[in-house]
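What follows is a short report on a single structure.
The values are calculated or read from the model by the stated rules, or taken from the named source; none is laboratory data. This structure is a prediction, so every number in the text was calculated from the model and none was measured. So basically every Cβ, Gly included, is an ideal-geometry build from the backbone, and we count neighbours across all protein chains shown. For accessibility, only protein heavy atoms count, side chains too; no ligands or nucleic acids. Shrake-Rupley method; radii C 1.70, N 1.55, O 1.52, S 1.80 Å.
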Amino acid sequence: MVYCSACGNQLSSQSAFCANCGQSNLANPTFAVEIKSRVTAGILAILVGGFGVHKFYLGKIGTGLLYFFFCWSGVPAVFGLIEGIIYLTQTDQAFAKAQGVRAV
């Protein structure tokens with residue numbers, strides 16, 4: 001999925017302008033930002049979140065390692081379950097914003 005870095009609106013990778021804010025996709029090469037699937041991240045968080053797999057998938061290596069090193073305690077599994085539910089109930093725009101895509 002591709003999102004506008006100015007407003008967070010979902011875009012086609014072929015579109016020249018954002019339909020929501022009018023930002024040019026061609027003039028600004030950093031305009032379109034590729035993000036990971038929120039459904040995949042949510043399912044990974046629920047099923048294997050105790051090992052931090054969803055954090056590795058999202059590119060958050062440090063947090064993933066923290067989850068992995070403390071997987072024996074069960075605490076990361078609880079956090080993974082909660083994060084999985086949050087990911088699956090968020091809108092795509094809210095998920096994109098949480099992943100670092102700037103939204104107005």
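Here are some notes:
- Applying 1/(1 + (r/R0)^6) with R0 = 35 Å to the Cβ-Cβ distance of Ile61 and Cys21 gives a FRET efficiency near 0.65.
- In Å², nearest 10: area of Lys60 left accessible to a 1.4 Å probe: 70 Å²
- Calculated translational diffusion coefficient of region 33-104 (20 °C, 1.002 mPa s; Stokes-Einstein with Kirkwood radius over alpha-carbon pairs) equals 178 µm²/s.
- 5 angstrom amide H check on Cys7, placed H, neighbours 5+ away: Val104
- Remark: region 35-43, residue by residue, has Karplus-estimated 3J(HN,Hα) of 10, 7, 6, 6, 5, 4, 4, x, 5 Hz, where x stands for each Gly or Pro and the curve is 6.51 cos²θ - 1.76 cosθ + 1.60 at θ = phi - 60°.
- Chain lengthening between Asp92 and Val78 when straightened (0.36 nm per residue, less Cα-Cα): 2.7 nm
- Gain in span if fully extended, Phe69 to Thr40, counting 0.36 nm per residue against the direct Cα distance: 8.2 nm
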